[in-house]
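One structure is given below, encoded as structure tokens.
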Amino acid sequence: MHLKTFKDYSSLSAAVAAEIIALIKNKPDAVLCLASGASPKLTCSLTAERAIKENVDFSQITFIGLDEWVGIPPENEGSCRYFFDTLFIEPLNLSPSQTHLFDGLSGNLQKECKKMDHLISDKGGIDLMIVGIGMNGHIGFNEPGVSFDKYCHVIELDETTVTIGQKYFKETTILKQGITLGLKHLMESKQVIVIANGIKKAELIRRAVGDKVTNYFPATIIQQHPNGFVMIDEEAASLLQ
């Protein structure tokens, strides 16, 4: 694991966007997996801006969304699909054949999981996975207590996730389950970047990089990734020794 600290959220996001651009320039058919949410939001926007400005060709990439709320339609502004469509897929003009996002309305969620597992396997694995860290230490919807040995799966959402998740929705929304890539996918990805910003993430980062690795604080798994990076701003780094 490698730790990188940046002055603020803007410089952090620009650095992560630069990692994505460098990957696509070096490997035009790369497999890229991103999380939605507050931390990666600016990274997504800056990546699209740079790609358009510098004429970086994203037409061969495979794009994978990390997770999705079960039961939330794609047109809902709180859905992960809406996030990616708005900030990444549409600005970069990615084709439907390139983009692979979970269908949270599927009547067969296990089939959704198997389809994603097979896609990742067929593509030779994920080249770069970029994730945030939740207030309970989750990555994606890999909630506290999750097995590190899972690939894609459906999970009952932790109370913290349900409560904090409301901020993405215009009105109070029933959230019970998530569908997500597993931490086995994270460990098998060629490169992983965990991003976090703000003082509210400081204690989470301290635990993620300093505590014993445990599935009760899933983000600690990043310590075991040989090409894992924790990229944070100064506020998120404020409790590190």
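No lab work stands behind these numbers, since they all come straight from the coordinates. These figures come from a predicted structure and were not determined experimentally. Using ideal geometry, Cβ is built from the backbone for each residue, glycine included, and neighbour counts are taken over all protein chains shown.
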Next on the checklist: Give the lysines reachable from Lys41 as a straight Cα distance under 22 Å; neighbours fewer than 8 places away on the same chain don't count.
Outcome noted: Lys4, Lys7, Lys25, Lys53, Lys167, Lys170, Lys200, Lys201
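Cα gyration tensor of region 1-129, axes a ≥ b ≥ c as square roots of the eigenvalues: rounded (a/c below 1.5), prolate (a/b > b/c) or oblate?
It is prolate, given that a/c is not under 1.5 and a/b is the larger ratio.
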Checklist outcome for this item: In whole Hz, the Karplus estimates of ³J(HN,Hα) for region 224-241 (6.51, -1.76, 1.60; θ = phi - 60°; x where Gly or Pro) are 9, 8, x, 10, x, 10, 10, 10, 9, 8, 4, 5, 5, 8, 5, 9, 7, 6
Item to check | Shape call, region 127-209: gyration tensor on alpha carbons, a/c limit 1.5 | outcome: oblate
Next on the checklist: Antiparallel versus total DSSP beta bridges in the chain: what percent is that, nearest 5?
Outcome noted: 25 percent
Next on the checklist: I'd like the projected area of region 1-51, averaged over all directions, using the convex hull of its alpha carbons. Report it in nm² with one decimal.
Outcome noted: 4.1 nm²
Checklist entry - What trypsin sites (Lys or Arg not before Pro) in region 150-241 are in a loop by DSSP, with at most 12 other Cβ atoms within 10 Å of the Cβ? => result Lys170, Lys176, Lys212
Checklist entry - From the square roots a ≥ b ≥ c of the eigenvalues of the alpha-carbon gyration tensor of region 148-194, which class results: rounded (a/c under 1.5), prolate (a/b over b/c), or oblate? => result prolate
Next on the checklist: If the rule is a partner Cβ under 4.7 Å, which cysteines in the chain fail it?
Outcome noted: Cys33, Cys44, Cys80
Item to check | DSSP loop GluC sites (Glu not before Pro) with at most 15 other Cβ within 10 Å: longest gap in the chain | outcome: 78-170
Item to check | Using θ = phi - 60° and Karplus 6.51 cos²θ - 1.76 cosθ + 1.60, couplings along region 173-189 (whole Hz; Gly, Pro as x) | outcome: 10, 6, 10, 10, 10, x, 10, 8, 5, x, 6, 5, 4, 4, 5, 8, 5
Checklist entry - Once the piece of chain linking Glu171 and Val154 is laid out straight, how much longer is it, given 0.36 nm per residue of separation minus the C-alpha distance between them? => result 3.7 nm
Checklist entry - Starting at 0 and stepping by 5 Å, how many percent of the alpha carbon pairs of region 98-241 end up in each bin? => result 2, 9, 18, 22, 20, 16, 9, 4, 1, 0
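Return the FRET efficiency for the residue pair Ile52, Ser95: r is the Cβ-Cβ distance, R0 is 22 Å, and the value is rounded to the nearest 0.05.
The formula returns an efficiency of 0.85 here.
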Checklist outcome for this item: Expressed in nanometres to one decimal, the distance between label points 7 Å along Cα→Cβ at Ala18 and Lys212 is 3.9 nm
